[in-house]
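Heads up, the thing below is written out as C-alpha cells.
The values are calculated or read from the model by the stated rules, or taken from the named source; none is laboratory data. Just so we're clear, the structure is a prediction, and the values are computed from it rather than from any experiment. With ideal geometry, Cβ positions are generated from the backbone for all residues, glycine too; neighbour counts draw on all protein chains shown.
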Amino acid sequence: MKKIQIGIMGSAADLNYGDDAIEFVKELGNLIAKSGNILVYGAEKEYSSLSTNAAIEANKNGGLTVGITGGKDKLIYGDFRPDILISSGLEIGGGREFTLVLSCDVIIAISGGSGTLTEMAIAYQAGIPIITVPNFGGWAKDVSNTFIDDRKRLKCIEATTPKAALEEALKAVY
C-alpha cells in the first residue's frame, strides 16, 4: 500500500496556543509515525509551531518527516531537523504554501491563522482533502464541517481527536 503524505497545518508560536494543542499534535504525530505514513509540514525559520511539534513527535517514534521551508537556504528554527528538508525557493506568504500543500495527499488543520487559512484554500482549490480540528479555535474551527466557498467543491471534515483526525485523513485518500 502506498504511503500517504499527510500535511499538518497549524498555528505558529506567535499565536500563543496552549499546552492542550501541543499534546494533541504530539499524539497525532505519534499516530502518523505508527501508521507508516509520511508527515509533511512547514519548517518555520523564526519560531516553533504546532506542525513542528507534530513532526518532532513523529520523528521520535520512527516516522518519516518532510519539512518544506521558505527561501533558498535550509535554515530552520530550533535543533530539530526533519528527515527530508526541501527549500522551496519561495518565501512564507509568498508561495511556500503552494509547495507545502501540493506535496500532500491530505491535510489536517489545527487552529491556525492566516497561513493555515491560505494552506486550506490552496488544498480546496487543488482538490486535496482537508481535515479540520476545531478544538483549539482558529481557522480550523471556523471552517469545520463547511465548504470554504459557495462552489461547495470539498467539505472540510471535522475530527476532534488525534485518532479520528488520522482515520478521516486516511479515509479521505483511500
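Here is how the numbers come out for the structure above:
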{"read-out": "Lone unmet requirement of (1) in contact (Cβ under 8 Å) with a residue 40 or more places away in the chain; (2) farther than 18 Å from VAL66 by Cα for THR118", "value": "(1)"}
{"read-out": "Flag if THR52 is touching a helix residue (DSSP H, G or I) at 6+ places or on another chain (Cβ under 8 Å), surrounded by 22 or more Cβ atoms within 10 Å (Cβ to Cβ), modelled with pLDDT of 95 or more and of a type outside the set (A, V, I, L, M, F, W, C)", "value": "no"}
{"read-out": "Count - residues of the range 139-160 that are within 17 Å of ILE110 (Cβ to Cβ), in contact with a helix residue (DSSP H, G or I) (Cβ under 8 Å, 6 or more places away or on another chain) and of a type outside the set (A, V, I, L, M, F, W, C)", "value": "4"}
{"read-out": "Residue that is farthest from ILE84 (Cα to Cα), among those in the range 18-46 that are among the small types (Gly, Ala, Ser) and surrounded by fewer than 24 Cβ atoms within 10 Å (Cβ to Cβ)", "value": "GLY18"}
{"read-out": "Selected residue (only one of VAL25, VAL40 is within 13 Å of the chain's Cα centre (by Cα) and not in a strand (DSSP E or B))", "value": "VAL25"}
{"read-out": "Tally of residues being small (Gly, Ala, Ser) and either crowded, with 20+ Cβ neighbours inside 10 Å or touching a helix residue (DSSP H, G or I) at 6+ places or on another chain (Cβ under 9 Å) (or both) across the range 161-170", "value": "2"}
{"read-out": "The range 121-144 - residue that is in contact with a Ser or Thr (Cβ under 8 Å, 6 or more places away or on another chain) and closer than 23 Å to LYS3 by Cα and, of those, surrounded by the fewest Cβ atoms within 10 Å (Cβ to Cβ)", "value": "VAL133"}
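Yes or no, residue by residue, for (1) surrounded by fewer than 22 Cβ atoms within 10 Å (Cβ to Cβ); (2) in contact (Cβ under 8 Å) with a residue 40 or more places away in the chain; (3) among the basic types (Lys, Arg):
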| residue | (1), (2), (3) |
| --- | --- |
| ILE8 | no, yes, no |
| GLY62 | yes, no, no |
| LYS72 | yes, no, yes |
| ILE84 | yes, no, no |
| GLU91 | yes, no, no |
| GLU97 | no, yes, no |
| LEU102 | yes, no, no |
| ILE108 | no, yes, no |
